[in-house]
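One structure is given here, and the rest of the page talks about it.
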Amino acid sequence: MNVVVIIPTFNEKGNIENLIDILEEEVFPKIKNHEMRILIADDNSPDGTAREIEKLMSKWKNLDLTTGEKKGLGAAYVRAMTYAVEKGADVMFEMDADLQHDPAKIPEFLKKMDEGYDMVIGTRYSAGGSIPKEWPFKRKMFSVLGNLLVRTILLKFSIHDWTGGYRAVKKEVFIKEKPELTDFKGYTFQVSFLNKAVRDGFRIAEVPFHFGERHVGSSKIAPMAYIIDLLKYVITASLQEKLFGPFGKFLVVGGTGFIIQAVILRAMVGVWKIDPTISNLTGAVAAIFSNFNLNNIWTFKTEKIHGLMQYLWKLFNFYATSAVGVILIQTGIIFLGDNLFGKKYYFWYFIFGTGILLIYNFTVYRLIIWRKQPHK
Ligand code: GDD
Ligand code: MN
């Protein structure tokens, strides 16, 4: 594979030559099965980082430079990744210029890529990873709590390090997500990029690493602005996912099912004078059929069921789980309530039972009927 290590720089003249030497002389010679290159993404650093790179480019033929206006870390990465993909990159690394990301870990990331993962995340918060011991308590707190907050608000706990900047990503992931990587141009880019990759089912692995101290130059993070930007992103993304994602659509489909059932019930009883029990059952059968198809073509369209046999089998499952839900869960809760606290509050048991029923149904659909498939 063609691998490009992208290093964003803003005033990193004191670090960059050192890092490039380590990559070229110590790390790349150990990697035999991939073509390794370096791309520096500099934003017209006033300290002359770019001139330094131009000098080094005559020494290292696999070293390249893209320069542009300073619009933030995320914007620099999007520009550099676009450039790298145009030049034929298959895999791109994200790596800081200040040697806080141990370059010796690169082969471990590549091994995961060879195993078929689409994105590999360097993590400081799993066993084998760490943040600098020398950091003051307050800085450690910010780092740990920030990540915990992101995981909690997004309700995604399988990834431990959302904010870090040591990663490898296949070009397919970048090409797919690029159109959406426009809103958060600063450090929040890391969280938003990863969150979209998770949403789209890309296969993601983690590699623990020790985050080192910066010895030369200074951090470019503006902590308060970063935290506000980050919270803005995770809160809106999480709300959007919950309301307009599959769960929101599932609720809308359920609402249409309710209307179908109610209309059939009233029509059969009122117009054709049919027995209400039979009418309700007919309405339920029709509503469930409609729910199944709407969920299949809309709510879970990324996991759409194909083939007649598969369709009939899943439809049967859907009827069976719907029946179990209504009879055991919803009616069961009303039955329990009636017997434990009296029949007086039956409607509250119904409301509570319906809430549990919704969670049960959604879980069954997501985990069994329209199970999320890994990205192809
Ligand atoms: N081109 C460009 N443009 N480069 C930038 C910009 C920018 O606007 N801002 C920062 N950089 C470069 C820096 O020169 C450095 O190489 C790298 O991006 C990381 O910046 P630092 O300033 O060293 O970040 P940090 O060490 O404080 O932040 C670390 O933690 C963050 C949050 O967990 C990094 O690992 C970040 O990647 C991470 O998001
Ligand atoms: Mn740094």
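General observations
- Using alpha-carbon coordinates, inclination of helix 346-364 to the longest axis of the chain, degrees: 50 degrees
- Taking Cα atoms only, the orientation of helix 246-266 departs from the longest principal axis of the chain by about 10 degrees.
- R0 of 22 Å, Cβ-Cβ distance residue 17-residue 70: FRET efficiency to nearest 0.05: 0.55
- Virtual paramagnetic centre 7 Å along Cα→Cβ of residue 258, amide N under 16 Å, in region 311-329: 326
- Using the Cβ-Cβ distance between residue 286 and residue 127 with R0 set to 45 Å, the FRET efficiency from 1/(1 + (r/R0)^6) comes to roughly 0.25.
- Between helix 73-86 and the chain there is an angle of about 80 degrees, using the helix long axis and the longest principal axis of the Cα atoms.
- Partners for residue 220 among lysines (Cα-Cα distance below 21 Å; same-chain residues under 8 apart left out): 13, 70, 71, 133, 138, 140, 185, 232
- All C-alpha pair distances within region 1-141, sorted into 10 Å bins from zero, spread as 11, 40, 36, 13, 1 percent across the bins.
- Look at the alpha carbon pairs under 8 Å that are at least 6 residues apart: their mean separation over the length of the chain gives a relative contact order of 15 percent.
- Global form of region 305-376, assessed from the alpha-carbon gyration tensor, a/c cut-off 1.5: prolate
- Straight Cα distances below 16 angstrom link residue 242 to the aspartates and glutamates 200, with same-chain residues fewer than 8 positions distant left out.
- Helix-only mean residue ellipticity at 222 nm for the chain, each DSSP H run of n ≥ 4 adding -39500 (n - 2.57), per residue, nearest 500: -16000 deg cm²/dmol
- Of 366, 371, the sequence from fewest to most neighbouring Cβ atoms within 10 angstrom is 371, 366.
- Global geometry of region 2-240, whether rounded, prolate or oblate, following the gyration tensor of its Cα atoms and the 1.5 cut on a/c: rounded
- Extension gain, residue 278 to residue 312: 0.36 nm times the residue separation minus the Cα-Cα distance gives 9.8 nm.
- Here region 246-369 is assigned +1 on the Cβ of each Lys and Arg and -1 on the Cβ of each Asp and Glu. Its dipole about the Cα centre then comes out at about 180 debye.
- Hits among lysines - C-alpha to C-alpha of residue 249 under 22 Å, sequence gap 8 or more where chains match: 156, 196, 301, 304, 314, 372
Values in this text are rule-based calculations from the coordinates and carry no lab data. The shown structure was predicted, so the numbers you read here are calculated from the model rather than taken from an experiment. Don't worry about glycine lacking a Cβ; one is built from the backbone with ideal geometry, like all the others, and counts go over all protein chains shown.
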